[in-house]
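Structure, as structure tokens:
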Amino acid sequence: MNSFDLTGKTALVTGAARGLGQGIAKALAAAGADIVSVSFSTSKDTAQSVRDLGRQASEIIVDLSDHSKLQETFDQALALTGHIDILVNNAGIIRRTPAKDHSAQDWFDVIDLNLNSVYLLSQIAGRHMLERRSGKIINICSMLSYQGGINVPGYTASKHGVAGLTKAFANEWADSGVQVNGIAPGYIETDNTEQIRQDPARKQSITERIPAGRWGTPEDIGGPAVFLASSAADYINGHVLCVDGGWMGR
């Protein structure tokens, strides 16, 4: 099982203050990685959980949709740790409005954070990893990387784009020791799904369609993230792994 050991590795996880990002950060730390949490708000709870696991934790608070801050943010992470071995592009937002009413501002806000920042931060981290001929980038995609969804045109477009970027970067970097893959979570109990979980009828209809019979938790995404971040996944490139309780197979 040594191929799953992340001891000596450092992971930069965006959106790690709560939800999926927090679950992923804790799982990577449990596997041995030190963590740099990059979030819009404080991630002190995540950092404490990482330290409780015996790993080092650093925190950078920044608005990743301000693209002028991305190089500075990565440089700060490097100064804190010396190297970044794993990048998890998790930070994202969702705006729920019918397509005919979906404002241009909502569209641009979602695309700027969910897609443009993923592209730019992957490019910045990729240069560092290519120089070292080693690295793992994990992009958090979605079932809506494959489906259309309802009332979320900006989110759907962004997640289709993230899946495409995953494959595009993987094609160019796989022979340089850098693996780029994605995880497509199903319906997970996080802030992003709170609005639809507050609708009893819709929550029930969704639950009934999930073969596993339940919604996922952030911890359900942690294990797949550890796998893709580890040497066990060295020959996996450009793949988007569905972690959805069977939703996409139904």
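Of note:
- Qualifying positions in the stretch 77-95 - more than 27 Å from A170 (Cβ to Cβ) and over 20 Å from the mean Cα position of the chain (by Cα): A79, L80
- Scope the stretch 180-219; condition assigned to a strand (DSSP E or B) and closer than 17 Å to I93 by Cα; matching residues: I183, A184, P185, I188
- Breaking point among (1) open to solvent by less than 20 Å² (accessible area, probe 1.4 Å); (2) closer than 20 Å to R18 by Cβ, for T166: (2)
- Residue, surrounded by the fewest Cβ atoms within 10 Å (Cβ to Cβ), within the stretch 7-46, restricted to residues that are farther than 18 Å from N139 by Cα and in contact with a Ser or Thr (Cβ under 6 Å, 6 or more places away or on another chain): G32
- Flag for R55 being over 16 Å from Q123 (Cα atoms), in contact with a strand residue (DSSP E or B) (Cβ under 7 Å, 6 or more places away or on another chain) and open to solvent by 20 Å² or more (accessible area, probe 1.4 Å): yes
- Criterion violated by D199 - all others in (1) free of Cβ contacts under 8 Å to residues at least 40 places away in the same chain; (2) among the charged types (D, E, K, R); (3) under 24 Å from L70 (Cα atoms) satisfied: (3)
- Number of positions in the stretch 124-172 that are over 17 Å from N114 (Cα atoms) and either in contact (Cβ under 8 Å) with a residue 60 or more places away in the chain or not in a helix (DSSP H, G or I) (or both): 7
- Filter result (of a type in the set (A, V, I, L, M), surrounded by fewer than 20 Cβ atoms within 10 Å (Cβ to Cβ) and in contact (Cβ under 8 Å) with a residue 60 or more places away in the chain) within the stretch 205-239: A232
- Residue match in the stretch 167-179 (condition: of a type in the set (D, E), in contact with a strand residue (DSSP E or B) (Cβ under 8 Å, 6 or more places away or on another chain) and more than 19 Å from V226 (Cα to Cα)): no
- Looking across the stretch 70-85, the residues that are more than 23 Å from L228 (Cβ to Cβ) and charged (D, E, K, R) come down to E72, D75.
- In the set A125, A104, A99, only one residue is modelled with pLDDT of 95 or more, open to solvent by less than 30 Å² (accessible area, probe 1.4 Å) and of a type in the set (A, V, I, L, M); that residue is A125.
The values are calculated or read from the model by the stated rules, or taken from the named source; none is laboratory data. Here the structure is a predicted model, which means the values were calculated and not measured. In this analysis, Cβ positions are derived from the backbone assuming ideal geometry, glycine residues included, and neighbour counts consider all displayed protein chains. These area figures cover heavy atoms from the full protein model, side chains too; ligands, DNA and RNA do not enter into them. Shrake-Rupley method; radii C 1.70, N 1.55, O 1.52, S 1.80 Å.
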